[in-house]
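Student: Sharing a structure with you now.
Please treat every number below as a calculation from the coordinates, not as lab data. Because the structure is a prediction, the values reported are computed rather than measured. Every residue, glycine as well, gets a Cβ built from its backbone with ideal geometry; the counts of neighbours run over all protein chains shown.
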Amino acid sequence: MLGIAAAVLFFIAFLINAADLSTNEVFSSVNVMLIGLTLLALHVAGVGSGLQARSRRR
């Protein structure tokens with residue numbers, strides 16, 4: 001889920017940058033890209049995956 005959110009934020013950052021939209025400093029393309037990178041890092045780290053590794057006992 002975090003990976004999909006990161007992809008959406010990267011796309012929004014691309015549109016802001018490609019269209020050369022003037023936004024306020026909080027919603028600039030660089031800040032949106034950094035939020036996307038943070039979500040991507042959390043996704044790669046396994047946060048929010050819901051799956052846990054279980055060990056089997058014999």
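Student: Could you give the length gained on full extension between Thr38 and Met1, defined as 0.36 nm per residue of separation minus the Cα-Cα distance, in nm? Can you show the working numbers first?
Tutor: On the way: separation 37, 0.36 × 37 = 13.32 nm, distance 1.32 nm.
Extra length from Thr38 to Met1 when fully extended: 12.0 nm.
Student: Give me a comma-separated list of calculated 3J(HN,Hα) values for the range 11-25, in order, Karplus coefficients 6.51, -1.76, 1.60 applied at θ = phi - 60°, integers in Hz, x for any Gly or Pro.
Tutor: Working through the residues one at a time gives 5, 5, 4, 5, 5, 4, 6, 6, 7, 6, 6, 8, 10, 6, 5 Hz.
Student: Also, quick follow-up: I want to check the label-to-label distance for Phe27 and Leu15. Put each point 7 Å from Cα in the C-beta direction and report it in nm to one decimal.
Tutor: 1.1 nm
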